[in-house]
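Everything on this sheet refers to the single structure shown next.
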Amino acid sequence: ERRERERKLSKEMAEKATRELEKMQLQEKAEVKYKEWLKKKRAEEAEKKKKEKEKEKEREAELQEKKVRSEKIFKEWLHNARNKPCPVLNGKSTGLYFCCYVVI
């Protein structure tokens, strides 16, 4: 009976140790998966930031190009406006504000 009890006790201890080992292995596996997930998430965030920076650079380049184009068109308009004669009505200047251009 004593041997039976010792055998039963050792069997229970072995089962308990096995359960603890399985629990630890599951915990380690979960930790590895979490680290992989975290690494992937950080890589995604870095990629997202990189794309946002690229979009911002493109937007800045477009704005700069638009500004240059606008300035060129304005200068052309100004040059053409200086060369236009003022409108005359019945031999008199109309006195309209747009016929008197100031040289800049």
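The values are calculated or read from the model by the stated rules, or taken from the named source; none is laboratory data. As the structure is a computational prediction, the values presented were derived from the model and not from experiment. Glycine also receives a Cβ, built like all others from the backbone with ideal geometry; neighbour counts cover every protein chain displayed. SASA here: full protein model, heavy atoms, side chains in, ligands and nucleic acids out. Shrake-Rupley method; radii C 1.70, N 1.55, O 1.52, S 1.80 Å.
Can you pull the percent of region 1-55's accessible area that's carbon plus sulfur, 1.4 Å probe, other chains left in place? Walk me through the numbers on the way to the answer.
Details: 3260 of 6130 Å².
Carbon-and-sulfur percentage of accessible area, whole number: 53.
Counting only protein chains, not ligands or nucleic acids, how are Glu65, Glu1, Glu56 ordered by accessible area (probe 1.4 Å), most first? Write down the numbers at each step before the final one.
On the way: Glu65 110, Glu1 185, Glu56 80 Å².
Ranked from most to least accessible, the order is Glu1, Glu65, Glu56.
If the segment from Arg5 to Glu56 were pulled out straight at 0.36 nm per residue, it would be longer than the present Cα-Cα gap by 10.8 nm. With the simple spin-label model, which puts each label point 7 Å out from Cα in the Cβ direction, the Lys67 to Ala14 separation comes to 8.1 nm. The magnitude of the dipole of region 14-83, with charges of +1 and -1 set on the Cβ of Lys/Arg and Asp/Glu and taken from the Cα centre, is near 260 debye.
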